[in-house]
Amino acid sequence: MKKNIHPENYRFVVFRDMSNGDSFLSRSTAASKETVKWEDGNEYPVIKLEISNTSHPFYTGKNVLVDTAGRIDKFRKRYEKKK
């Protein structure tokens with residue numbers, strides 16, 4: 001590895017998946033003003049995630065049905081030929 005290009009301030013951070021509430025502890029340089037008390041009794045900064053491996057359809061095997069009919073109708077209405 002090249003010297004002097006990697007950050008030195010790695011610390012323990014709790015990552016929380018906001019879609020299902022799952023949390024895990026890892027090391028990161030990400031900044032956060034919020035803290036949370038972890039299972040070991042210590043307080044760690046918390047980083048909120050929209051999606052993680054516990055909620056992503058690829059990892060869970062569950063497909064999420066997205067209603068795109070409104071988008072398609074809107075697209076067709078916008079780009080249909082004017083008569």
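What does the charge count near Asn53 come to, summing +1 for each Lys or Arg and -1 for each Asp or Glu among other residues with Cβ under 14 Å from its Cβ?
Spelling it out: positives minus negatives among the neighbours equals -1.
Within the shell of other residues whose beta carbon sits under 14 angstrom from the beta carbon of Met18, the net charge comes to -2, with Lys and Arg scored +1 and Asp and Glu -1.
Just so you know, all these numbers are worked out from the coordinates, no wet-lab data involved. No experiment lies behind these values; they were computed from the predicted model shown. Because the Cβ atoms are built from the backbone with ideal geometry, glycine has one as well, and the counts that use them run over all protein chains shown.
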